[in-house]
Amino acid sequence: DTAVSQTPKYLVTQMGNDKSIKCEQNLGHDTMYWYKQDSKKFLKIMFSYNNKELIINETVPNRFSPKSPDKAHLNLHINSLELGDSAVYFCASSQAGTGELFFGEGSRLTVL
Amino acid sequence: GEDVEQSLFLSVREGDSSVINCTYTDSSSTYLYWYKQEPGAGLQLLTYIFSNMDMKQDQRLTVLLNKKDKHLSLRIADTQTGDSAIYFCAEKNSGTYKYIFGTGTRLKVLA
């Protein structure tokens, strides 16, 4: 059973389009995250939700909008895609305590 | 602000030890982590250390923490070709939900 699953795994689209990436975790964790990994492999946090409440909102263009319908799901919607949005987007979840982060396999977004 | 730095590349021969270094700036970091990322995959936790510890050993992995210098290292004994990957250190303050990742070190193991 996959702990943190993201769909789609690959996404190729044109500039100006709107796209969504979905994430689900079956670990019973309270906190979920979106990270962006650029072509140099640098990993930057974008958003975090705890029990459906937005708790981290880094300096991200407002074209990016996260939505958490319940604590097991965190989706990322991106409007008016730009070339610079091309990256791998990782979803992750954690629980309290030592707070190990469990990552999904990533969604590679390519904007042409 | 918080900053976590690593050297970008490390190359070792199979059977040698690898040492990957990390420096961080947030003195209130409570947890420090090492993650491994293989090509085309997400990050997986290798080990972690609490800030009140100096050392942690887990099979081939040894983590050393110098809190005064804000320096963390990961030693992999008897490095194998399967250890080739990108290694990220990360830090977290117990009062926040925010994990700050380092720049990643790409380890290449030569046969």
Please give every one of the lysines within straight-line cross-link reach of A:LYS22, meaning a C-alpha to C-alpha distance under 23 Å, and leave out same-chain neighbours fewer than 8 residues apart. A:LYS9, A:LYS36, A:LYS41, A:LYS44, A:LYS52, A:LYS67, A:LYS71, B:LYS98
Cα-based radius of gyration of chain A once divided by 2.2 N^0.38 Å, which approximates compact folds: 1.00
Could you tally the net charge around A:VAL60, taking each other residue with its Cβ under 15 Å from the Cβ of A:VAL60, Lys/Arg +1 and Asp/Glu -1? +1
In percent, what relative contact order does chain B have, based on Cα pairs under 8 Å that are 6 or more apart in sequence? 38 percent
Gaussian network model of chain A, springs between alpha carbon atoms under 10 Å - residue of A:ASN57, A:ASN79, A:ASN17 with greatest fluctuation: A:ASN17
What length, rounded to one decimal in nm, is gained on full extension from A:LYS22 through to A:THR59, with 0.36 nm per residue of separation minus their alpha-carbon distance? 11.2 nm
Hey, fewest Cβ within 10 Å first, where do A:ILE21, A:ILE55 land in order? A:ILE55, A:ILE21
So what's the gap between the Cα centers of segment A:10-37 and segment B:1-68, to the nearest angstrom? 27 Å
Contact order normalised by length for chain A, with contacts defined as Cα pairs under 8 Å and 6 or more residues apart; what percent is it? 37 percent
By Cβ neighbour count within 10 Å, fewest first, B:SER18, A:SER86 rank A:SER86, B:SER18
What spacing in nm lies between the two simple spin-label points modelled at B:THR25 and B:LYS108, each 7 Å away from Cα in the Cβ direction? 3.0 nm
Per GNM of chain B with C-alpha springs under 10 angstrom, the most fluctuating residue out of B:LYS56, B:LYS98, B:LYS36 is B:LYS98
With 10 angstrom as the radius, rank B:PHE101, A:PHE102, B:PHE88 by how many other C-beta atoms surround their C-beta, starting from the fewest. A:PHE102, B:PHE101, B:PHE88
Where Lys and Arg each count +1 and Asp and Glu each count -1, what net charge lies around B:GLY104 among other residues with Cβ under 9 Å from its Cβ? +3
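FYI, it's all coordinate maths here, none of it is from the lab. Computed from a predicted structure; not experimentally measured. For neighbour counting, all protein chains shown are included, and Cβ atoms are generated from backbone atoms with ideal geometry for every residue, glycine included.
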